[in-house]
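I have placed the structure first, in the form of structure tokens, so that the comments after it can refer back to it.
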Amino acid sequence: MFAVIAPAAADDDRNIIASEEYRIMRDGEVLKLEQGYETVLRGFGPDSVLVEFHNNYSKPVSIGSVVLKEGETIQCFRILEDSNPVVIMMTLDKLYINNSQVLAGFSHIYQYEEKNTQYNEETQWILETAVLDDPTVPQPPEKPGGGTDIETDSIADPFYIILIIGFAAFSVIVISLFFRKRVEKIK
């Protein structure tokens, strides 16, 4: 099923310890990889699937989940003090959906060997999706600490959001009172 092969990127000195050209997965199916990693197909939409990543090497740790569309490659990076090495790569090649079931075809499935296999709840990973020119070559993460985490600058200041919602609610109340009094005067 899996074979040890040479690294995909010339500047990466780590070995690929798991490689599979193509894999069909059903909703709920688990793809078990080396060093405790697991990929689970958890759900689907009309043009996408939800994929979860776990590591059960010493104890179960949830890495995260991501929504993939056809042609997108997921790259799972582990955040270390001095680098963010890619751990798992896989591309959603084709999605087959009928009324009650989904089949997802994944291609270019690679897992890179990790030297340090100590994981816990504080271990951080980055999950990034992109349409890559060459899905066999890892691309570095766009920004450290990004991925599935919500960055503070990704959303507007919560104070302004609360202020806008409060103003909208106040406006609705004032308008309803105004029209109620007009309706009472007309009667």
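For the stretch 23-83, GluC sites (Glu not before Pro) are listed when DSSP marks them as loop and at most 15 other Cβ atoms sit within 10 Å of their Cβ; the list is Glu29, Glu70, Glu81.
Placing a label point 7 Å from the Cα of Glu81 along the Cα-to-Cβ direction, the residues of the stretch 93-134 whose backbone N falls under 17 Å of that point are 115-120, 122-124. Principal axis analysis of the Cα atoms in the stretch 96-140 yields extents of 42, 29, 16 Å, listed in decreasing size. The ratio of the alpha-carbon radius of gyration of the stretch 42-112 to the globular-protein estimate 2.2 N^0.38 Å is 1.24. Net charge dipole, the stretch 38-132: roughly 260 debye, given to the nearest 20, about the Cα centre with Cβ charges of +1 for Lys and Arg and -1 for Asp and Glu.
FYI, it's all coordinate maths here, none of it is from the lab. If you're wondering where the values come from, they're calculated on a predicted model, not measured in any experiment. Quick reminder, even Gly has a Cβ in these numbers, built from the backbone with ideal geometry, and neighbours come from all protein chains shown.
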